[in-house]
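Engineer: Pasting in a structure now, in structure tokens, and then I'll have a few things to ask.
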Amino acid sequence: MEKPSSSRRKSSTKVKASTDANTNLSMLNEDLLQNILARLPALHFASAACVSKSWNSLCNRILTRPKLSSAISLNPSLPDAVNEVVHKVLSEPIRPHFAIANIGTGFSTAKTLCLIRQSLGSNIPVIVTVASGIMGRDAVTDEFKEVKWGALFSGFGEESYTRFINEGLVLTVGYLPGLKVEAVPLRRPTKTQAIWVDNFIKDIKEYSASVSSSPFPVGIILFGEASSDMKLVLEKLDHAMPMDTVIVGDERGSFDFVHKSGNDSRIICSKKGNIEAVALVFARDRNRSLGTIRFHVALSNGVSTVGPRYKAASVKSNNADCSTWLTARREGQQENLDGQSILLDINNLLDNHVESPDLHIGVIKHRKLSTGAEKPMPRTCISYHGVVGGDEEYLYVDGIGIKTGDFFQFYYSDPNIALASLTKVHDALKSIKLEKKSKSSKGDGDNATNVFGGIIFACYSRGESFFGRQNVDSSPFLENFPGVPVSGIFCGGEMVRPCTTVIGQCEGASPISCCLHVYSTVYLAMSYTPPSVED
């Protein structure tokens, strides 16, 4: 009898080894296999889901709940920094539905976007913005850090020099089964501002209606362009959206992003001058219901009122530099005051402060607003404007939109008020934990509400320089949800909705809307409640 050749013996050995491997894998306890798959990095997890139908089913079971993953890197090399944060956020099973990268001015938004898309793919919305600082867990050390870009002084005497630290990024990736996510641009107007804001709102509603049973999204994360004035945008969004639509974001920051149109993805850059803002829109998925994802918001206020109320007597808008010149009268008086007189009174009231605080005026605006062809409806809101200065003619403030007859009051930055409000934020976030414990105490722990991630938007003027110690702004979230992924940025205009204020109101009056804040920190907490057994 002819002996089998060596090649045939090797082939037979390989087949037997493969058969033995498959047999061994099939003999694995299903729970043990699921435990192994749940520990795989995202890329290996994706490959494992393609092995067989049973493995795919187990992988889907592992990712039934939503997930947020984030990391920061202060590596001065952009490719290395991106590699560090991508490696960290993909170190566990996740199927990215969206990504947000916030970078320092030392990095390029376009190059960052390109590198992230190479790692995460081109089929999800990705937004890259320039921030004034970042916060999150270090991709290498796992230490939580709040980092504000600024100057680092080195050396002594004549050898001293200043280097601006502005390199680093924070990457946030989300997997939200049950929601659809898309980046919707707000294009810079060729006509009046009101028309393009109406078109922006229309685009958001149309996207939501196309994937959901409602034209109104669950939430919006909004990023404005550095030179834009988002006051009218927020006022109109606040008017057009129901109160359960949450809006948070950063008013000012250059960005690049990926926007999908049908099956095509397009990269859009704000620096080209035709984009005013971008909204990351989260809408319910009509074809997939795996429990309920909710967005919760809280606000830490950092300003106090000082002085009487004033009534704008004369107003001049300077559209060239987006500023307003005005004179005013104290409430109930007829004397017309110039900017120098007004600021002298306010500074006298603040004379006991060691450092001169930043000043803003909060203008109460009674306006009629509409979107599209609907009938204008009355609306009252408060709008903050930074005080630039004053002379023997006018008080100068930034921004436009103030009218003769508007009432306003001065506000100053106050770390004591900020610390007190952080306690309230801590309690507000704690209430989500109490809801979870309440459900768990009924013997339904698997069905309890669970906070799975968060994003923080803090005023650049806060942080360690404001409070005198580190990680104060992030503390309410970290203390309530240890181990839960959270990222954040320091920004130049903190946006949040729903949020109201009672400043300047008569008792019993309706709340005054305020969506754009100063010296504040905004907290977005994302929670998930699985479907009940009855469902």
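Engineer: Among the polar types (S, T, N, Q), under 19 Å from Val233 (Cβ atoms) and open to solvent by less than 70 Å² (accessible area, probe 1.4 Å), is that true of Thr292?
Structural biologist: No; evaluated as a whole, the condition is false for this residue.
Engineer: Looking only at the stretch 42-59, count how many residues are assigned to a loop (DSSP other than H, G, I, E, B) and open to solvent by less than 50 Å² (accessible area, probe 1.4 Å).
Structural biologist: Number satisfying all stated conditions: 2.
Engineer: Look at the stretch 236-279 and say how many of its residues are charged (D, E, K, R), farther than 21 Å from Val211 by Cβ and at pLDDT below 90.
Structural biologist: 5
Engineer: Please pick out the residue among Asn336, Asn319 that is open to solvent by 70 Å² or more (accessible area, probe 1.4 Å) and under 30 Å from Val248 (Cα atoms). If you could, list the steps in order and put the result at the bottom.
Structural biologist: Details: Asn336 fails: under 30 Å from Val248 (Cα atoms).
Result of the check over Asn336, Asn319: Asn319.
Engineer: Closer than 24 Å to Gly249 by Cβ and surrounded by fewer than 18 Cβ atoms within 10 Å (Cβ to Cβ) - does that describe any residue in the stretch 77-98?
Structural biologist: No; the residues of the stretch 77-98 include none that is closer than 24 Å to Gly249 by Cβ and surrounded by fewer than 18 Cβ atoms within 10 Å (Cβ to Cβ).
Engineer: Could you grab me the full set of residues in the stretch 229-240 that are open to solvent by 10 Å² or more (accessible area, probe 1.4 Å) and touching a helix residue (DSSP H, G or I) at 6+ places or on another chain (Cβ under 8 Å)?
Structural biologist: If the condition is that a residue be open to solvent by 10 Å² or more (accessible area, probe 1.4 Å) and touching a helix residue (DSSP H, G or I) at 6+ places or on another chain (Cβ under 8 Å), then Leu232, Lys236, Ala240 are the ones that fit.
Engineer: Only one of Ala151, Ala194, Ala226 is open to solvent by 20 Å² or more (accessible area, probe 1.4 Å), assigned to a strand (DSSP E or B), modelled with pLDDT under 90 and outside the structural domain of Asp398 (by the TED database); which?
Structural biologist: The match here is Ala151.
Engineer: Has the stretch 296-306 got at least one residue that is touching a residue at least 24 places away in the same chain (Cβ under 8 Å) and under 30 Å from Thr112 (Cα atoms)?
Structural biologist: As a first pass, look at the stretch 296-306 and keep what is touching a residue at least 24 places away in the same chain (Cβ under 8 Å): 296-306.
Okay, now just the ones that are also under 30 Å from Thr112 (Cα atoms), so 296-297.
Checking the stretch 296-306: at least one residue is touching a residue at least 24 places away in the same chain (Cβ under 8 Å) and under 30 Å from Thr112 (Cα atoms).
Engineer: If you don't mind, another one. From the residues in the stretch 197-217 that are of a type in the set (Ser, Thr, Tyr) and in contact with a strand residue (DSSP E or B) (Cβ under 8 Å, 6 or more places away or on another chain), which one is surrounded by the most Cβ atoms within 10 Å (Cβ to Cβ)?
Structural biologist: Initially, the stretch 197-217 is screened for residues of a type in the set (Ser, Thr, Tyr), giving 207-208, 210, 212-214.
Imposing the further condition that a residue be in contact with a strand residue (DSSP E or B) (Cβ under 8 Å, 6 or more places away or on another chain) reduces the set to 207-208, 212-214.
Working: Tyr207: 21, Ser208: 24, Ser212: 19, Ser213: 10, Ser214: 15.
Filtering the stretch 197-217 for residues that are of a type in the set (Ser, Thr, Tyr) and in contact with a strand residue (DSSP E or B) (Cβ under 8 Å, 6 or more places away or on another chain), the one surrounded by the most Cβ atoms within 10 Å (Cβ to Cβ) comes out as Ser208.
Engineer: For the stretch 290-332, give me each residue that is more than 16 Å from Tyr384 (Cα to Cα) and assigned to a loop (DSSP other than H, G, I, E, B).
Structural biologist: Leu290, Gly291, Asn319, Ala320, Asp321, Glu331, Gly332
Engineer: Do the conditions hold for Thr64, that is, is it open to solvent by 30 Å² or more (accessible area, probe 1.4 Å) and either touching a residue at least 60 places away in the same chain (Cβ under 8 Å) or β-branched (Val, Ile, Thr) (or both)?
Structural biologist: yes
Engineer: Might you check whether a residue that is among the hydroxyl-bearing types (Ser, Thr, Tyr), touching a Lys or Arg at 6+ places or on another chain (Cβ under 7 Å) and either open to solvent by 30 Å² or more (accessible area, probe 1.4 Å) or over 22 Å from Val197 (Cα atoms) (or both) occurs anywhere in the stretch 304-314?
Structural biologist: Yes, that holds for at least one residue.
Engineer: So, Leu326, is that one surrounded by 15 or more Cβ atoms within 10 Å (Cβ to Cβ) and either under 24 Å from Ser228 (Cα atoms) or touching a His at 6+ places or on another chain (Cβ under 9 Å) (or both) or not? Even if it seems obvious, please write down each step before you answer.
Structural biologist: Numbers: surrounded by 15 or more Cβ atoms within 10 Å (Cβ to Cβ): yes; either under 24 Å from Ser228 (Cα atoms) or touching a His at 6+ places or on another chain (Cβ under 9 Å) (or both): yes.
Against the criterion (surrounded by 15 or more Cβ atoms within 10 Å (Cβ to Cβ) and either under 24 Å from Ser228 (Cα atoms) or touching a His at 6+ places or on another chain (Cβ under 9 Å) (or both)), Leu326 qualifies.
Engineer: Anything in the stretch 108-146 that is out of contact with any Ser or Thr (no Cβ under 9 Å at 6 or more places or on another chain), open to solvent by 30 Å² or more (accessible area, probe 1.4 Å) and among the β-branched types (Val, Ile, Thr)? List them, or say none.
Structural biologist: Of everything in the stretch 108-146, just one residue is out of contact with any Ser or Thr (no Cβ under 9 Å at 6 or more places or on another chain), open to solvent by 30 Å² or more (accessible area, probe 1.4 Å) and among the β-branched types (Val, Ile, Thr), namely Thr141.
Engineer: State whether one or more residues within the stretch 366-377 are open to solvent by 30 Å² or more (accessible area, probe 1.4 Å), in contact with a strand residue (DSSP E or B) (Cβ under 7 Å, 6 or more places away or on another chain) and closer than 18 Å to Ser314 by Cβ.
Structural biologist: Taking the stretch 366-377 as the starting set, the residues that turn out to be open to solvent by 30 Å² or more (accessible area, probe 1.4 Å) are 366-368, 372-377.
From the residues that got through so far, the ones that are in contact with a strand residue (DSSP E or B) (Cβ under 7 Å, 6 or more places away or on another chain) too are 366-368, 376-377.
Then drop every residue that is not closer than 18 Å to Ser314 by Cβ, which leaves none.
No: zero hits.
The values are calculated or read from the model by the stated rules, or taken from the named source; none is laboratory data. Keep in mind that what you see is a predicted model, and the values were worked out from it rather than measured. Note: ideal-geometry Cβ built from the backbone for every residue, glycine included; neighbour counts use all protein chains shown. For the accessible areas, the whole protein counts, side chains as well, though only heavy atoms, and no ligand, DNA or RNA atoms are used. Shrake-Rupley method; radii C 1.70, N 1.55, O 1.52, S 1.80 Å.
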